[in-house]
């Protein structure tokens, strides 16, 4: 695979006389892809039925003739103002029952059939016009599903669609009452038309009701996406993709990805460090201008799985952004580091956001590769250097890791519905396990908890996986060692405690007898070092105690092939667990300094230094904010 670079461009923002010059400069910078069109509906159709595509025809021809491959976006994330006049009830509604009004973007409800039909119509028009255009090399459907908390809507359209969804899922109202345990607090219904949305209740609503609504809301995203897929498929041979977000878990990306050819995501490392990562002040200060050493890698591995091996970075941060609480500039070298790190994780394309900084609108403080007046911003030289690096490296082939983590969006919905303790968060738990594996120098695959587990993994982790069925238990038996817990298998898909205890522990004589959640500063220390915090479980059963708390109670129980962790490990305890797992499975570990990370491809060992200063590791010196590709021994 020969990775390539791209950029996001908005020809509608700039004089047409400037387009050719911009295209030439993109080529000179080593870019080969350009994304356009995803926010331009008002220019494509300024009034209902009045189509104006001549400008887009010329933009595509200008960019394509310069040698750029075009990703054309359907503009459905930004419906024009006249759309609201035509469909006044299309807006999403928040939990306080206030409409999400026009004036920014993503102002639609996924359940509104009228707006969905309008999206199919504009996709059809675009597909018929550009589906066979030789310059269109890929299509992006919509933009950043779920951004700005827009997956869940409490609109009337959502209410009616939810009732239909429930009737189809349960068949009868009695089946729903039984599944949800509605005998509790006399919540039983006599018909589906009595069921409301789970907001504005006196105290917390029934968690089964909430989880069902979360599943429904996720399904609506997949349905919305598939409508445009079904329109475009017959009209183009170019791949279809969507650009997902970082730590946006409100819908199941694996389900949306089933209908697409490529998964892409939008990577903003410094922005995410500021507002999407729990870390202490010292950690955030150390990596203030680099981003967290594991946050981008986690999402690279996640979206590689969502895309079934094919994935891109559609938007790569090239400088300070505008939307985080604080927006420092990347240190010199970081734009190149982020790009090459993505390539090491298998990215086919890394595309920068954006070409020219916008001089107007909500994102005018968001840096591009150029300033608004056309001079080079710092990221441009690093993009050019990255292009040269990729040319020198040649083919970079991915490799399957020895270790996998199961990831499940529905588990996040469940534990957000009933966290039991204010500090418990599914993403934080899974990410803490991922970081421990990375500190050990291991490459990681992330797998859907609803898919298959390929043969040959030495270690598979499923922390916090809410439900485990028989099929998944069978899949997990393929791995040499499986680590479950905490909270793995704690509920059924209907948010009930399983009748026979934790199903994932059926091969392990281990029971969870009691659960306690701990406030900040409290923990349960483990003999030999480390502790659990936030969440602690009291375990019993004849399975051997692998690790024990200082009071002698079991902290981790296990046999040769299955372990259960009775709490939310801190970093020290995770390190010990991974070390013990390596001894059990025969894996070799590569302990890393805090800011240095390692990734294996089929062709290279890649060392990524997030530190600002040089690091020497196993005979190699890696400069600060730099990446070193070392050819792997073919043996």
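Read the figures in this text as sums done on the coordinates, not as results from a lab. Computed from a predicted model, the values in this text were never measured in an experiment. Cβ placement follows ideal geometry from the backbone for every residue including glycine, while neighbour counts extend to all protein chains displayed.
On average, how much area does the Cα convex hull of the stretch 231-340 cover when viewed from any direction, in nm²? Numbers along the way, then the final one.
Working: hull surface 31.7 nm².
Dividing the Cα hull surface by four gives the mean projection, 7.9 nm².
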On the Cα set of the stretch 231-270, report Rg and Dmax in Å, please.
12.2, 40
Taking 7 Å along the Cα-to-C-beta vector as the label spot, tell me the residue 121-residue 12 distance in nanometres, rounded to one decimal.
1.7
Assuming R0 = 30 Å, can you tell me the calculated FRET efficiency for the pair residue 193 and residue 496, based on Cβ-Cβ distance, to the nearest 0.05?
0.75
Above 29 Å lies some portion of the pair distances; for the stretch 130-289, what is it as a whole percent of all C-alpha pairs?
40
What's the center-to-center distance, using Cα atoms, between the stretch 141-156 and the stretch 314-362 in Å?
24
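How big is the Rg/Rh ratio for the stretch 403-585, C-alpha atoms only, Rh by Kirkwood, two decimals?
On the way: Rg = 14.8 Å, Rh = 16.1 Å.
In the stretch 403-585, Rg relative to Rh is 0.92.
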Rg and Dmax of the stretch 54-146, Cα atoms, in Å?
15.6, 51
Rg over Rh [alpha-carbon atoms, Kirkwood Rh] for the stretch 1-116:
1.08
Here the convex hull volume per residue of the chain, taken over Cα atoms and given in Å³, is 157
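Provide the gained length on full extension for the span residue 50 to residue 281, in nm with one decimal, where the gain is 0.36 nm per separating residue minus the Cα-Cα distance.
Stretched fully, the residue 50-residue 281 segment lengthens by 77.8 nm.
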Could you tell me the calculated FRET efficiency between residue 329 and residue 160, based on Cβ-Cβ distance and R0 = 56 angstrom, to the nearest 0.05?
0.70
Kirkwood estimate for the stretch 363-500, i.e. one over the average of 1/r between Cα atoms, Å
18.2
Radius of gyration and Dmax over the Cα atoms of the stretch 332-395, both given in Å
13.1, 40
Using the 10 angstrom Cβ neighbour count as an exposure proxy, how do 55, 338 rank, fewest first?
55, 338
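Before rounding to the nearest 500, sum -39500 (n - 2.57) across all DSSP H runs of length at least 4 in the chain and divide by the residue total; then give [θ] at 222 nm in deg cm²/dmol.
-9500 deg cm²/dmol
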From the mean inverse distance of alpha carbon pairs (Kirkwood) and the Cα radius of gyration, derive Rg over Rh for the stretch 493-635.
1.09
Taking 537, 4 and counting other beta carbon atoms within 10 angstrom, the fewest-first order is 4, 537
Please report the equivalent ellipsoid semi-axes of the stretch 360-425, computed as sqrt(5 x eigenvalue) of the Cα gyration tensor, largest first, in whole Å.
39, 27, 8
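Take 17, 559, 201, 386 and order them by how many other Cβ atoms sit within 10 Å, fewest up front. Working shown, then result.
Working: 17 7, 559 15, 201 12, 386 27.
Least to most surrounded, the residues fall as 17, 201, 559, 386.
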In whole angstrom, largest first, the equivalent ellipsoid semi-axes that the Cα gyration tensor gives for the stretch 129-182 are 39, 15, 10
